[in-house]
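One structure is given here, and the rest of the page talks about it.
Laboratory data are not the source of any read-out in this text; all were calculated from the coordinates shown. Please read all numbers here as calculations on a predicted model, not as lab measurements. Neighbour counts run over all protein chains shown; Cβ positions are idealised from the backbone, glycine included.
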Amino acid sequence: MKEIDELLQTMAALRDPDTGCPWDRQQNNSTILPYTIEEVYELAEAIAKADTRSIRDELGDLLFQIVFYAQMADENKQFSFAEVADSINQKLKRRHPHVFGNDKFESTTQLSMSWETIKAQERAQSGKTDTGLLDSVSAAMPALICATKLQRKAATVGFDWEHLAPVIDKINEELGEIREAIDSGADRIKLQDEVGDVLFACVNLARHLQVDAETALMSTNSKFRKRFAYIESELARQGRNTSQATLEEMEQLWQLAKGEG
């Protein structure tokens, strides 16, 4: 595509040691990474808002990040953008033998097991020694996403509840352990551990309900922002702010905000 070629040329121009942008020239993988993470979250926000134009723009920003990494690698004789594209293309074909080969799967469970088997083979062939089922899940992911991936991978080998009831029972069990920890005067480390168990169990519930935990919490965060902004605006209309209102007054306004959606 000519647009991709033009983007690659633009990136090369930005990194030109003589005529490029001073800021772009001094970047490296480590300094660019925070921007990449930021762009992913901005894309997630655009998707949550179903803002098609913003989704398009944020995808462009994310594509620029990928081109940036590839350009820096190319300068260091490591790999090119073309090699990045070829790598993912070959990986997708390799991991979908039911589409690009003759394999047949009777269920999504079989499909998931095949996917994990192929990934394990790839890791072994690449010389990686971390061959445990969960070793490929990056610890650098946001915690909710990481928990979901850990649970999904464990489920591929049958380490999972088949029904919803025990999942909910587990949440209640973990809540009971928090109460016991509080009543016994447990320290912050113990309470942190128990809260983590509750969150992990809630992620499991979301997974069993086929709800993405990260997206669900993002939605709730957005709802909280909207309702709290309503409290602030209503108090401002009265010539007051949140520091001048009681908890009971703010709770009443919160309930009004809930009524408005």
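At full extension, Lys190 and Asp5 could sit 61.1 nm farther apart than now, given 0.36 nm per residue minus the alpha carbon distance.
When the chymotrypsin sites (Phe, Trp or Tyr not before Pro) in the stretch 215-248 are filtered for DSSP coil states and for at most 10 other beta-carbon atoms within 10 Å of their beta-carbon, no site remains. In the structure shown, the pairs Lys170/Lys223; Lys104/Lys149; Lys91/Lys226 are assessed against 32 Å; a Cα-Cα span above that value is assigned to Lys91/Lys226.
The charge dipole of the chain, taken about its Cα centre with unit charges on the Cβ of Lys, Arg, Asp and Glu (plus for the first two, minus for the last two), comes to roughly 480 debye. Of the chymotrypsin sites (Phe, Trp or Tyr not before Pro) found in the stretch 1-105, the ones in coil according to DSSP and having at most 15 other Cβ atoms within 10 Å of their Cβ are Phe79, Phe105. For the stretch 143-211, the pair-distance distribution built from all alpha carbon pairs, in bins 5 Å wide starting at 0, is 3, 17, 25, 22, 16, 10, 6, 1 percent. Loop-located GluC sites (Glu not before Pro) in the stretch 103-142 (DSSP state not H, G, I, E or B) with no more than 12 neighbouring Cβ atoms inside 10 Å: Glu106.
Percent of Cα pairs in the stretch 151-257 per distance bin of 10 Å, from zero to the largest separation: 13, 26, 25, 25, 9, 2, 0.
The separation of the stretch 39-57 from the stretch 160-174, counted between C-alpha centres, amounts to 34 Å.
The 3J(HN,Hα) values that the Karplus relation (6.51, -1.76, 1.60; θ = phi - 60°) gives for the stretch 212-227 are, in residue order, 6, 4, 5, 5, 4, 5, 4, 5, 5, 4, 5, 5, 4, 4, 4, 6 Hz. Gly and Pro appear as x. For the stretch 133-150, the Karplus equation 6.51 cos²θ - 1.76 cosθ + 1.60, evaluated at θ = phi - 60°, returns couplings of 4, 9, 5, 7, 7, 5, 6, 7, 5, x, 4, 5, 5, 4, 4, 4, 5, 4 Hz by residue, with Gly and Pro reported as x. Computed over the chain, the P(r) tail beyond 35 angstrom holds 40 percent of alpha carbon pairs. The alpha carbons of the stretch 4-148 stretch over 56, 40, 30 Å along the principal axes, in descending order. Dipole magnitude for the stretch 143-211: about 460 debye, using +1 per Lys or Arg Cβ and -1 per Asp or Glu Cβ, origin at the Cα centre.
Between Ser87 and Ser107, the modelled labels are 3.5 nm apart [label points 7 Å from Cα along Cα→Cβ]. For Asp212, no residue has an amide H sitting under 5 Å from its own, ignoring neighbours fewer than 5 places away on the same chain, with H placed 1.01 Å from N.
Compactness ratio for the stretch 1-72: Cα radius of gyration over 2.2 N^0.38 Å (N = residue count) comes to 1.20.
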